[in-house]
């Protein structure tokens, strides 16, 4: 019983007592029993890494398959121990992590992509951490299940604001590690970072048209259907990112590190967003109708459960956006943006605001014809696997049922961002969040105090590899300007997504 429980020392003691009691018994039955006890004792010593004692006991077993098996195991373990004791402990640990399966309970064959979060954006560089470190300390933060990066961006934003308030650095440098099991989440974050950096450069140069960049970022971040010009900008950034990612020996930015494996995974997602399938289930018309229907169903469930729908009324500043979203399933831009980027839309919006049903239908038709679906909310690999009619796990879906689960109310999302976004429209508020974050990123990056490490991986696996110094991305060839071997292995704060 002790042996089966893994208590090998106690098991060995009981076996030695049994052998002592049968020492003077030379019958055939006793000899067979002694042989079995010696075999079990040898195994106890092997499991307890007492190899010399196991070797001595194996002599008592004699010849046979059992003895050969024990001796073979001893030789293999002795060789492994000798190798590990020299310098290959990390290499052997890496072999274990690479080859032994990790228990991962999944109901589906692919990990679902949650493109939009539902929790309040928080900063990981909290007050307690600020009080416990000085301007001479390095701070390391990890975001597991980084998702839509709201916590990452808010951490950059609030850290920069606190430093401006104090008029001194909170830390010497800041290392941020992003981990997500789905490459699409990392790909979307990289697009947003690329947009933020581009905006900050254009803002410094006072480039014509730069005033529309925050609205473009807000559409991409918060909405399911967006003007065609936003998709044009998205494709420009995807193309630039792919060019940078394919150059494996040069970082995208001086403060951003991607391992070769992450570069490859992200590039695959970006290419899918460049060339999406033409299935009707991804059409703007079906997306906005289905998303709105799902949200309204959820509101009805909430009202039934609590006696009222806490989300029935939008916060001040979001009323017009809630109205247009409930009518059309989209957020309408400002008059200025519409006149600059989609001139016919401006007049249609003005008529729609007067309450005409005919104007609403005309506006809806214009959106279906000229706007596009936000591709970054969709993991096409997951959607196609889910909608695969040949898979017996899934029934045959109609187009409406094939629409990916990307329902989210933009007015609620805007309320989850920091105070800079309150009291304005959704696009203005979310745009302010990004434009302010751009200033802070420019400040950190310019001072060379920031390093962002983004990787596609499973949280537990990444942490275990970090612990045993087996995270391959940390020991691969360094970029021209970045040496990942110098990255931290211990973190001051670790954030875990509320989505399991």
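Throughout, read-outs are computed from the coordinates displayed, never taken from laboratory work. The shown structure was predicted, so the numbers you read here are calculated from the model rather than taken from an experiment. Cβ coordinates were reconstructed from backbone atoms using ideal geometry, including for glycine residues, and neighbour counts include every protein chain displayed.
Short-range pairs are left out: with C-alpha atoms under 8 Å and at least six residues apart, the relative contact order of the chain is 24 percent.
For the chain, the share of DSSP beta bridges that are antiparallel, to the nearest 5, is 10%. Label sites at residue 496 and residue 315, each approximated as a point 7 angstrom past Cα along Cα to Cβ, lie 2.8 nm apart.
Axis of helix 343-353 versus longest Cα principal axis of the chain: the two differ by about 80°, to the nearest ten degrees. Compared with the dominant Cα axis of the chain, that is its longest principal axis, helix 65-83 is turned about 60°. Scan [x] 143; [y] 228; [z] 183 for the value of volume of the Cα convex hull per residue in Å³ calculated from this model and give just the label. This structure yields the entry labelled [y]. Our note on the geometry: Cα centres of the range 218-287 and the range 338-362, 30 Å apart.
Take the Cα gyration tensor of the range 1-46, multiply each eigenvalue by 5, square-root it, and list the three semi-axes largest first, rounded to whole angstrom.
Values for the range 1-46, descending: 21, 10, 8 Å.
Model label points for residue 49 and residue 447, set 7 angstrom from Cα along the Cα-to-Cβ axis, are 4.6 nm apart.
Relative to the current alpha-carbon distance between residue 472 and residue 261, full extension at 0.36 nm per residue lengthens the span by 75.0 nm. The long axis of helix 8-21 is offset from the longest Cα principal axis of the chain by roughly 20 degrees.
Mean residue ellipticity at 222 nm, helices only, the chain: -17500 deg cm²/dmol; runs of at least 4 DSSP H residues each add -39,500 (n - 2.57), and the sum is divided by the number of residues.
Put a dot 7 Å past the Cα of residue 96, heading toward its Cβ, do the same for residue 1, and the two dots end up 3.0 nm apart.
Residue separation of residue 362 and residue 35 scaled by 0.36 nm, minus their Cα-Cα distance, works out to 108.7 nm of gained length.
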